[in-house]
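Peer 1: The structure's right below; bear with me while I get my questions together.
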Amino acid sequence: MTSIAKTLRPLARAAASSSRPLRPAFSRTAPQIRCLSSTLPRRDVDISDIPPTPITHLSDTEALMAESVSKFAQDVILPKAREMDEAESMDPTVVEQLFEQGLMGVEIPEEYGGSGMNFTSAIIAIEELARVDPSVSVMADVHNTLCNTAILKWGTEKLKKEWLPKLATNTVGSFCLSEPVSGSDAFALATKATRTGNGYKINGGKMWITNSMEANFFIVFANLDPSKKYKGITAFIVEKGTPGFSIAKKEKKLGIRASSTCVINFDDVEIPKENLLGDEFEGYKYAIGLLNEGRIGIAAQMTGLALGAFENAAGYAWNDRKQFGQLIGEFQGMQHQMAQAWTEIQAARALVFNAARKKEAGEDFVMDAAMAKLYASQVAGKVSGQAVEWMGGMGFVREGLAEKYFRDSKIGAIYEGTSNIQLTTIARHLQKTYTK
Amino acid sequence: MSGLRILVPVKRVIDYAVKPRVNRAQTAVETANVKHSMNPFDELSIEEAVRLRERKVPVEEIVAFSAGPPKAQDILRTAMAMGADRGIHVQIDEKEGKGELEPLGVAKLLKRVVEKEKSNLVILGKQSIDDDAGQTGQMLAALLNWSQATQASKVQVEGDSVIVTREVDGGVETLKAKLPMIITTDLRLNEPRYASLPNIMKAKKKPLDKKTLKDFEGDFSARLKTVKVTEPPPRKGGIKVEDVDGMISKLKELGAL
Ligand SMILES: Cc1cc2nc3c(=O)[nH]c(=O)nc-3n(C[C@H](O)[C@H](O)[C@H](O)COP(=O)(O)OP(=O)(O)OC[C@H]3O[C@@H](n4cnc5c(N)ncnc54)[C@H](O)[C@@H]3O)c2cc1C
């Protein structure tokens, strides 16, 4: 009979190698009360009457979704993670499957073909994907939290009807703000837009643009009136293939190597006036708003990465590797490091989920998002680095994923605002509060 | 034939990837704070029902059913997110292994549900991975006096006949029977889908009937008493033999040859 049991347990799931529990930190035993996530996104809500719940509490729908995404990531993405990193490219079938699962339209309403879920669901999905592959995670992150959100918030009805169904089902989006001359100082961007008879013409270049190989839809920030300085910045929608649009170079990177990052040129790129996103001269406000939210996504990418790195190493230390006649996870010196790391991961997650819930509840979350991203990327860097050490030589070789998590973690301290920029944001809030 | 009314019973069990542990009193397996999910064979059953509909077999309705603790509703939601039209939950208070239904109890309960729902096809897992009893489908077939095809690896519906292929030792066996019937599913039948996000949202709006055993006529009480539950003995380390002769003599020594 044992043979039957053996064939059953691992079952049809090819990659049943993992015995890790799903979302270990999120107990689902909390009482079934109305929680914040059941509120509609982007509405002013009064939450003063809602009994407080643990930050880690998920609604039933969120929990079911977390489980489904986790299973999908484990079975479908994990077997490809190493290969895609080595090839420095995203497997097109993975992109297709992200669309199929509804992971590219998390917050897009059902009437536009999206999943119609809340912001926190997007955060959960980004975290679950990063646990398995941070490159796949950032694709979904940029697409959902920056591109989709931009259209949902500021797109005209015409733009929404045209783009949301595509963004939900088959068209990847990119967000083009940074340039060779403007990184942290994003609003110093030099790309220019001029009005034409029936639209606009864009000239200039962008750098570091995530998803640009896979994307067909680009949100481009350009200055429509440089005399206004940053207040001239305006947002446009540009399709790949528009004459004058070209990808000049694909970067080779330290980490998240399966995620494409490119230099893009705009050479007299003409677009119709319908491709203006929102209003002229409002672009800088949109960019700030989007990045404030987007940061929570990057923070979730980093906590997911930290969880993935931890679980990978913990599985090894507590099941596989013996030295001095015992499992290495039995040594107190190892255990204390692991306990410390786990505590830091959960502290970071608390910041991430709190920022997400505050955003959903309509509260000011800017400082929370900055703290979440700052700390989550620090924890991800530290834990993934330690995880390599915990695994010894096996952590250092490119056979497993330990070294990949470590390399992937570095980006968290750079994009969507470097750690210094997060600190500046936090300090600015503090100074405002404490200046008498 | 007007169309298939498919009933798919699903069970909430300890997740297949979790190593079960026996409780200290040796009366049952620890279930507190252990990850649970849908019995994997039941995922195959739901998937097959949904695929029948996708293959344009006339399917009137797919009903997912579960008897179990309040948390069993989670797996009914999963079943609905995979494509079942609605769910029925019979809430059972399982405390310390007491009050749990046995296969015969479940089969009797299912008979009542089949009668009420006018089901003409019941697709069950061939077993659930917690108790490994593998009895419910067959008992239900007997109680209803319906045809049954167990351990299906392929299901085809043609009019009011169902053709089921099953893998047997050294080949495949093909059975044909008329509806109504019972099918139990085996591993190679299909590959269950992942519930997509839009379908998870749709499942929220699908009806879920909540009932208790009192709503059904019959005696569903347990007839068996669990005497003792123990872990399997730890595996002893193996040895390496030099060659085939070495292996044969070792096997002889162990009395296996
Ligand atoms: C893989 C990858 C993907 C990216 N994807 C995108 C994308 O999709 N879209 C997009 O628009 N951009 C993207 N970026 C760009 C990213 O947002 C920028 O790299 C980031 O904002 C930092 O800018 P920079 O690289 O020019 O660094 P710099 O701004 O030159 O910073 C260099 C150093 O100086 C420090 N520094 C700068 N200013 C200050 C200050 N005021 N106080 C203290 N320290 C300071 C920084 O913290 C940093 O340590 C991506 C970048 C990478 C690497």
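Peer 1: Distance in nm between label sites at B:ASP243 and B:GLU173, each 7 Å beyond Cα in the beta-carbon direction?
Peer 2: Those two pseudo-labels are separated by 4.4 nm.
Peer 1: Taking every Cα atom in region B:146-226, find the radius of gyration and the maximum pairwise distance Dmax, and write them in Å.
Peer 2: Rg then Dmax for region B:146-226, in Å: 18.2, 47.
Peer 1: What average count of beta carbons from other chains do you get within 10 Å of the Cβ of residues in B:184-196?
Peer 2: Per residue, the average neighbour count from other chains is 4.
Peer 1: While we're looking at this one, here's another question. Mind checking Rg over Rh on region A:173-213, alpha carbons, Kirkwood formula for Rh?
Peer 2: Radius of gyration over Kirkwood radius for region A:173-213 works out to 1.03.
Peer 1: So which aspartates and glutamates pass the test for A:LYS358, namely a Cα distance under 13 Å, with those fewer than 8 places away in the same chain ruled out?
Peer 2: A:ASP44, A:ASP46, A:GLU293, A:ASP368
Peer 1: May I pose another question? With the contact rule set at Cα under 8 Å and sequence spacing of 6 or more, what percent relative contact order holds for chain A?
Peer 2: 16 percent
Peer 1: Another question, then. Given the pairs A:LYS166/A:LYS273; A:LYS228/A:LYS373; A:LYS252/A:LYS359; B:LYS19/B:LYS154; A:LYS201/A:LYS359; A:LYS322/B:LYS228, which span a C-alpha to C-alpha distance of over 24 angstrom in this model?
Peer 2: A:LYS228/A:LYS373; A:LYS252/A:LYS359; B:LYS19/B:LYS154; A:LYS201/A:LYS359; A:LYS322/B:LYS228, as the Cα separations exceed 24 Å there.
Peer 1: For region B:198-256, what is one quarter of the convex hull surface built on the Cα atoms, given in nm²?
Peer 2: 12.1 nm²
Peer 1: Distance from the Cα centre of region A:266-282 to that of region B:138-208, in angstrom?
Peer 2: The distance from the Cα centre of region A:266-282 to that of region B:138-208 comes to 55 Å.
Peer 1: In the P(r) worked out for chain B, what percent of Cα pairs fall beyond 28 Å?
Peer 2: Summing the P(r) tail past 28 Å for chain B gives 40 percent.
Peer 1: Same structure, new question: State, to one decimal in nm², a quarter of the convex hull surface area for the C-alpha atoms of region A:36-135, i.e. the direction-averaged projected area.
Peer 2: Computing the convex hull of the Cα atoms and averaging its projections yields 7.4 nm².
Peer 1: Turning to a different aspect of this structure: Take the Cα pairs of region A:175-282, get the Kirkwood Rh, then feed it into Stokes-Einstein at 4 °C and 1.567 mPa s and tell me D in µm²/s.
Peer 2: 93 µm²/s
Peer 1: Could you pull out every one of the aspartates and glutamates with an alpha carbon less than 18 Å from that of B:LYS240, ignoring same-chain neighbours closer than 8 positions?
Peer 2: B:GLU253
Peer 1: More than 38 Å apart: what percent of Cα pairs in the protein assembly as shown qualify?
Peer 2: Tail of the P(r) past 38 Å holds 43 percent of the pairs.
Peer 1: I've got another one for you. For a footprinting-style exposure proxy, rank A:MET65, A:MET90, B:MET247 by other Cβ within 10 Å, fewest first.
Peer 2: B:MET247, A:MET90, A:MET65
Peer 1: How many angstrom lie between the C-alpha centres of region A:343-395 and region A:107-135?
Peer 2: 18 Å
Peer 1: For a quick size check, give me the Cα extents of region A:285-434 along its three principal axes, largest first, whole Å.
Peer 2: 59, 27, 25
Peer 1: Between their Cα atoms, which of B:LYS35/B:LYS71; B:LYS11/B:LYS35; B:LYS111/B:LYS206; B:LYS111/B:LYS214; B:LYS11/B:LYS211 are more than 19 Å away from each other?
Peer 2: Violating the 19 Å Cα-Cα cut-off are B:LYS111/B:LYS206.
Peer 1: So, one more: Can you give the direction-averaged projected area of the convex hull of the alpha-carbon atoms in region A:273-357, in nm²?
Peer 2: Reported value for the Cα convex hull: 8.3 nm².
Peer 1: Okay, next question. Which angle between 0 and 90 degrees, to the nearest 10, do you get for helix A:60-72 versus the longest principal axis of chain A when only C-alpha atoms count?
Peer 2: Once rounded, the angle reads 80 degrees.
Bear in mind that the values in this text are calculations on the coordinates, not laboratory data. Quantities reported herein were computed from a predicted structural model and do not represent experimental measurements. Virtual Cβ from ideal backbone geometry, glycine too; neighbours counted across all protein chains shown.
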